[in-house]
1. Tell me the accessible surface of Met32 in square angstrom (1.4 angstrom probe, heavy atoms of protein chains only), to the nearest ten.
2. Does the stretch 152-309 classify as rounded, prolate or oblate by the C-alpha gyration tensor (a ≥ b ≥ c root eigenvalues; a/c under 1.5 gives rounded; else a/b over b/c gives prolate, otherwise oblate)?
3. If packing is taken as the average number of other Cβ atoms within 10 Å across a peptide's residues, how do 197-203, 99-105 rank, most packed first?
4. So, for the stretch 148-268, what is the accessible surface per residue at a probe of 1.4 Å, expressed in square angstrom?
5. Sort 163-170, 174-181 for me by packing, meaning the mean count of neighbouring Cβ atoms within 10 Å per residue, highest on top.
Amino acid sequence: LHFQTCFLFSFPPPPPATPTEETGWLATSYDMCVDACVCLFNKADDTFGKGSLSEEMFSIFFHTVHSSYPSLSARTLSRMTSFILEDLQGKLTDSEWVSVGKALANCLRSSLVDNELKLESEEEVAGARGEGSSDETPPNPVVGVICAQQIGLLLRQVDTVPLSLYSDLLGALHDAVSVYEMLARSDGAGGGEGPHPAESGLYCRTIMVRVLLVLAKVNDDSDVQDMLMNITRNLISAYVEKDADGEPGEDQELAGLTAVVEELIQGYSGFSDELLLKNIWLLPLLSKLIQCSNKSVRVIVHQIVSRLFDGPLSELVSLSASAAK
C-alpha cells in the first residue's frame, strides 16, 4: 500500500481538459485513491485490530503534503484533518500526534516565503522556513493559510491533543505571523498570487486566539497560562503600536487587528471569576488598551477590570486597605 501510493503520487498530475473542482485530477484520481486507502484502513482495523495500517496512511499524507504542486498539498492537508477527525475520532497515539505536528509545522514554515518577496539574507529565509522544511517544496501563501486553518481545526476540536503539540503548532503560527508582517512591510507586498501577507498574518493571529481561548477554559496548566500570556502580550503590543500610527476608519490592517483584539478580550470577559483570577497577569496588559481609539475595545476592558475589582479582587483590596491602616 505504501509503495504503490507513494509511486503514484511521485508523478506530475495529468492536466485535466477542464480543470474544475468536479473534473480535475484531484477529484478523479487523488480523492478516489485516498478514499480507497481509507476503506482498506477501516477493513484492516476490523480484521487485524485498531491501527493496523495507521503508519501507512500517515505516510501517504506526509509524502503528499510536501508536494511541489500547491493544489495537492492543500487537498492533502484537508484530507488528513478529515481522516484524523472523522475516521480516527481524534484517537492517535502520542508518536502519531508528534508526527502530525511536525508535518503541519514544517508545511506551514515551508510556505512562508514567496519567491517574489525577498528578505534581507539567505539566513533570514532559512530561519523563516524553519528546520525540516524541504528546499524542494516551493513557498506558497495559499498552502500556508490552508495549513493554518487545519491546525486551528485540529487544536480546537480534538481534546486528545498532547499539550506539547499545542506549544509546537502555536509556535509555528507565531513564526508565520512574524514573517507575514515582515513581508507586508516590504515593497513587493501583495504583488503575487494568493492573499496579502497582512491578511495571512491576521488570519494566523485569529486562529491562535481562538485555540488558546478554548484551551484556557479546559486546562489551567502553567504552560497554558504562559502561552496565553505571551500571545496576549504580543497581540496587544502590536495593536497598541498600530493604533498609535494608524488612522481609525482608514487603515484596513488596523481594522483587522482591532477585530482580533476585540475577539480576544471578549473571550476573556466570558471567563469565570475563578479563571480570571488565575490570569491576573491580564490586568497590566489590559491597562495598555484603556486609551486606544476603539470604543468597543475600551468598553470591554472597562467591564473586565470592573468585574475583577468588584468581585475576585474586592476582598484582597479590602485586606490591603485594612493592613495599611
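The values are calculated or read from the model by the stated rules, or taken from the named source; none is laboratory data. From a predicted model like this one, the values you see are computed outputs, not experimental measurements. Positions of Cβ are generated from backbone atoms using ideal geometry, with glycine treated the same way; all protein chains shown enter the neighbour counts. Accessible surface areas use protein heavy atoms only, side chains included; no ligands, DNA or RNA. Shrake-Rupley method; radii C 1.70, N 1.55, O 1.52, S 1.80 Å.
1. 120
2. oblate
3. Details: 197-203: 22.7, 99-105: 21.0.
Highest to lowest by the protection proxy: 197-203, 99-105.
4. Details: 5410 Å² over 121 residues.
That works out to 45 Å² per residue.
5. Values: 163-170: 18.6, 174-181: 22.5.
Final packing ranking: 174-181, 163-170.
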